[in-house]
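Trainee: I'd like to ask some things about the structure below.
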Amino acid sequence: MIPGVQIQEVVEALTEALSYDELAEMLRSRPDITCNEVGAGKLFPESVSSLLTWVIRQNQELALVHAAYRANSTL
């Protein structure tokens, strides 16, 4: 994870800044972030947490942060 940043902080930032549809669109526009963890009957924060766990395992944290910033620059 990004040094000094807690996973829950990122989950909260993403769920406050993006809707489910915005997050799904952000993921569709980023071929380097391919994850099926969002959705599947989960609550939105749970989906984001699963996505973040997957992103960390793939060492794609910065790609996710950059994509989220482009989706909503208020992050």
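Quick note: the coordinates plus some simple rules give every number you see, no bench work behind them. Computed from a predicted structure; not experimentally measured. Virtual Cβ from ideal backbone geometry, glycine too; neighbours counted across all protein chains shown.
Trainee: Among Ser73, Ser50, which comes first, then next, by fewest other beta-carbon atoms within 10 Å?
Mentor: Lowest to highest Cβ neighbour count: Ser73, Ser50.
Trainee: Suppose each label sits 7 Å from its Cα in the direction of the beta carbon; what would the His66-Glu9 distance come out to in nanometres?
Mentor: With each label point 7 Å from Cα toward Cβ, the separation is 2.2 nm.
Trainee: Could you line up Glu61, Glu16 from fewest to most neighbouring Cβ atoms inside 10 Å?
Mentor: Starting with the residue having the fewest Cβ neighbours, the order is Glu16, Glu61.
Trainee: Another question, if that's okay. Please find the FRET efficiency linking Gln58 to Tyr20, where r is the Cβ-Cβ separation and R0 is fixed at 22 Å, and quote it to the nearest 0.05.
Mentor: 0.55
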